[in-house]
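Structure, as structure tokens:
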Amino acid sequence: MSRGILIVFEGIDGTGKSTHCRMLGELLTEKGIANISFAEPTKGKWGQKIRRLLSEGRNGVSAEEELEWFLNDRKEDVELNIKPALEDGKVVLMDRYYFSTAAYQGALGFDPHEIKRENEKFAPVPDRVLIFHNPPEKSLERIESSREEKSSFEKREYLIDVQNIFKNFSGSNIRFILSDDTLENVHEKVVRAVKDLFELKL
Ligand code: TMP
């Protein structure tokens, strides 16, 4: 069975990962490399429940249920989208995947390693994971500016915990992308971080 390549874009909000996910997709298309992008949470039934939770607040939904919804959403995404595209030999670009669950739900008190292990029972392990981050002072600035939002203080503490979990991921497929730079320079860093996965020169 031919297998495509799975590349994942991760990091806290505001690091530009979605933009760079799109830019890499455009470059691959330009080079004639078949690719497809997916984002999590998805637009499926679990993804919609999650979006409501994110915008309207918890309303009695427990952290356990939240974690379960993210896992259900991903199981559906793996079966309906990710596996078929990989089996088709495509490059699959993901805007968030299970490293987000390990970091965000890990910051709610679950063990990030356990979350990762649970996910790897059903979700293909990525060939490359690009973890976007800003320098600490920039990240704090951004996190501080989210003070206006509801439960601001909690949110700030929470995002700092999320960021610390992201920072501590290690493995041969992990690359960190410092995103405090021009769009072109960051794009170049992204290309450098994945080009060994392709036979074609990018
Ligand atoms: P987005 O802003 O990238 O669309 O993601 C929506 C939010 O969902 C973001 O704040 C991160 C959060 N999230 C989790 O908490 N766990 C997960 O597993 C995923 C995929 C996203």
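The values are calculated or read from the model by the stated rules, or taken from the named source; none is laboratory data. Source: prediction; values computed, not measured. As a convention, Cβ positions derive from the backbone with ideal geometry for all residues, glycine included, and neighbour counts pool all protein chains shown.
Before moving on, here are some points about what is shown:
- Of all residues in the range 90-121, those being within 14 Å of the ligand (Cβ to nearest atom) and touching a Gly at 6+ places or on another chain (Cβ under 7 Å) number 3.
- Lone unmet requirement of (1) at pLDDT 95 or above; (2) crowded, with 19+ Cβ neighbours inside 10 Å for ASN134: (1)
- All positions within the range 114-134 that are closer than 15 Å to LEU93 by Cβ and acidic (Asp, Glu): ASP127
- Scanning the range 101-111 turns up no residue that is closer than 21 Å to HIS20 by Cβ and among the acidic types (Asp, Glu).
- Number of positions in the range 54-86 that are touching a residue at least 24 places away in the same chain (Cβ under 8 Å), buried (at least 16 other Cβ atoms within 10 Å of the Cβ) and closer than 18 Å to GLY109 by Cα: 4
- Hey, ARG156 at pLDDT below 95, surrounded by fewer than 16 Cβ atoms within 10 Å (Cβ to Cβ) and part of a helix (DSSP H, G or I) or not: no
- Looking only at the range 105-115, and only at residues there that are touching a helix residue (DSSP H, G or I) at 6+ places or on another chain (Cβ under 8 Å) and surrounded by fewer than 19 Cβ atoms within 10 Å (Cβ to Cβ), the one that is nearest to ARG58 (Cα to Cα): LEU108
Matching residues to (1) at pLDDT 80 or above; (2) more than 11 Å from ALA107 (Cα to Cα); (3) surrounded by fewer than 12 Cβ atoms within 10 Å (Cβ to Cβ):
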residue: SER139; (1), (2), (3): no, yes, no
residue: SER146; (1), (2), (3): no, yes, no
residue: SER151; (1), (2), (3): no, yes, yes
residue: ASP161; (1), (2), (3): yes, no, no
residue: PHE166; (1), (2), (3): yes, no, no
residue: ILE174; (1), (2), (3): yes, yes, no
residue: ILE177; (1), (2), (3): yes, yes, no
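- Search result, residues across the range 1-39 that are of a type in the set (A, V, I, L, M) and in contact with a His (Cβ under 9 Å, 6 or more places away or on another chain): ILE12, MET23, LEU24, LEU27
- Those residues of the range 26-53 which are more than 16 Å from the ligand (Cβ to nearest atom) and either closer than 22 Å to ASP161 by Cβ or surrounded by fewer than 20 Cβ atoms within 10 Å (Cβ to Cβ) (or both), in sequence order: GLU26, LEU27, THR29, GLU30, LYS31, GLY32, ILE33, ALA34, ASN35, ILE36
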